[in-house]
Structures are given as C-alpha cells and as structure tokens.
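Enquirer: Structure in structure tokens, see below.
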Amino acid sequence: MTIPYPEHLVVVITTFIAVVIAVLLHYESLWLISRQIEQSHKPHRQRILGMAFGVLLTHVAEIWLFGMTGWWLTALNGIGALRGYDSFNLLDYIFFSAVTYTTVGYGDIYATGPVRFLYGTLALTGFVLITWSASFTFIEMQKHWRVGR
C-alpha cells in the first residue's frame with residue numbers, strides 16, 4: 001500500500017511535533033516563571049514585569065518555532081507555499097506565523113497546498129496558548145498584587 005499524498009502525511013506529522021513542542025515549551029516556561037515569582041525577593045514591580053516579559057518571550061519563541069516549521073515545509077521541501085508577495089524570506093514566514101498565531105489574519109499573505117494544515121492548526125494553538133497565558137497572568141497577579149503594595 002502506498003500513501004497517495006506523502007506530503008500530507010509529512011505536514012500532519014510535522015504539525016503535530018510543532019504543537020507538542022509549543023505546548024511543552026509553554027508549560028515549562030509558565031512553571032519556571034511561577035517558581036521565579038514565588039522564590040524571588042525582588043520588589044513586587046520587578047517580579048510582575050519579569051512575568052510579563054517572560055510570557056511575551058515564550059510567545060515569541062513559539063511564533064519562531066512555527067515560522068521556522070512553515071519555512072522548512074515550504075521553502076526547503078516544497079510542500080505548499082505562501083502567496084501574496086513576489087518572494088518570501090525567513091522573516092516573512094515569521095511574520096505570517098505571528099499574524100496567524102495571534103489570529104489577527106491581515107490577509108496580505110496566505111498559505112496554499114498541504115501546508116495550510118499547519119497554519120490552521122497554528123491559529124488554534126496560538127489562541128489556546130495566549131488564553132492560557134492570560135489566565136496564568138491573572139492568577140499570578142491576583143496572588144501577588146496585594147502582597148507587593
């Protein structure tokens with residue numbers, strides 16, 4: 001038995017791996033940030049700002065993970081493509097990843113072919129991870145806001 005569209009399987013497996021890495025990265029990052037807040041003797045303001053920057057840095061790393069994954073699939077392996085401009089460089093893939101991750105969706109760039117699965121899944125994953133970060137930030141600030149004043 002042969003797989004009729006092996007590139008589809010490559011996209012599904014690659015997407016699954018990227019999502020697992022992003023979720024694990026997010027979990028571990030939030031866990032480390034939470035421990036830093038709990039164990040820190042720094043002033044309240046520095047702890048809260050450290051949390052905010054830590055969460056933002058985590059999202060940027062995840063955006064880059066998906067941008068590099070899309071670049072690897074399309075630019076290096078020819079599985080689907082991005083359209084909307086005459087040519088694309090790595091930062092265009094990162095930009096498209098950020099726009100999709102945040103569900104902004106400007107529409108100036110769009111995916112074609114099997115790689116659309118990656119970007120559709122990226123939108124859901126980004127939405128879930130951003131929501132998780134918002135909940136985490138709210139809970140941490142609620143725990144520490146009054147203490148630091």
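The values are calculated or read from the model by the stated rules, or taken from the named source; none is laboratory data. Note that the structure is a prediction, hence the values are computed from the model and not measured. Please note: Cβ atoms are built from the backbone with ideal geometry, for glycine as well, and neighbour counts cover all protein chains shown. Areas reflect the complete protein model, heavy atoms only, side chains present, ligands, DNA and RNA absent. Shrake-Rupley method; radii C 1.70, N 1.55, O 1.52, S 1.80 Å.
Enquirer: Just one of the numbered conditions (1) assigned to a helix (DSSP H, G or I); (2) open to solvent by less than 90 Å² (accessible area, probe 1.4 Å); (3) at pLDDT 95 or above; (4) not β-branched (Val, Ile, Thr) is not true of Leu56; which one?
Expert: Going through the list (1) assigned to a helix (DSSP H, G or I); (2) open to solvent by less than 90 Å² (accessible area, probe 1.4 Å); (3) at pLDDT 95 or above; (4) not β-branched (Val, Ile, Thr), Leu56 breaks only (2).
Enquirer: Let me ask you something else. Go through the stretch 28-46 and count every residue that is open to solvent by 40 Å² or more (accessible area, probe 1.4 Å) and either assigned to a helix (DSSP H, G or I) or among the basic types (Lys, Arg) (or both).
Expert: Qualifying residue count, the stretch 28-46: 10.
Enquirer: Given the criterion open to solvent by 70 Å² or more (accessible area, probe 1.4 Å) and either in contact with a Leu (Cβ under 6 Å, 6 or more places away or on another chain) or assigned to a helix (DSSP H, G or I) (or both), identify the matching residue among Ile94, Ile79, Ile13.
Expert: Being open to solvent by 70 Å² or more (accessible area, probe 1.4 Å) and either in contact with a Leu (Cβ under 6 Å, 6 or more places away or on another chain) or assigned to a helix (DSSP H, G or I) (or both) holds for just one of Ile94, Ile79, Ile13, which is Ile13.
Enquirer: Tell me, yes or no, whether the stretch 36-51 has at least one residue that is farther than 22 Å from Val128 by Cβ, at pLDDT 95 or above and not hydrophobic (A, V, I, L, M, F, W, C).
Expert: There is no residue in the stretch 36-51 that is farther than 22 Å from Val128 by Cβ, at pLDDT 95 or above and not hydrophobic (A, V, I, L, M, F, W, C).
Enquirer: Being assigned to a loop (DSSP other than H, G, I, E, B) and either surrounded by 13 or more Cβ atoms within 10 Å (Cβ to Cβ) or touching a strand residue (DSSP E or B) at 6+ places or on another chain (Cβ under 9 Å) (or both) is the filter here, so list the residues in the stretch 82-91 that pass it.
Expert: Gly84, Phe88
Enquirer: Within the stretch 102-149, restricting attention to residues that are polar (S, T, N, Q) and in a helix (DSSP H, G or I), which residue is most open to solvent (accessible area, probe 1.4 Å)?
Expert: The qualifying residue most open to solvent (accessible area, probe 1.4 Å) is Gln142.
Enquirer: Trp71 - would you say it is within 15 Å of Trp132 (Cβ to Cβ), in a helix (DSSP H, G or I), among the aromatic types (Phe, Trp, Tyr) and modelled with pLDDT of 95 or more?
Expert: Here the answer is no, as Trp71 does not meet what is asked.
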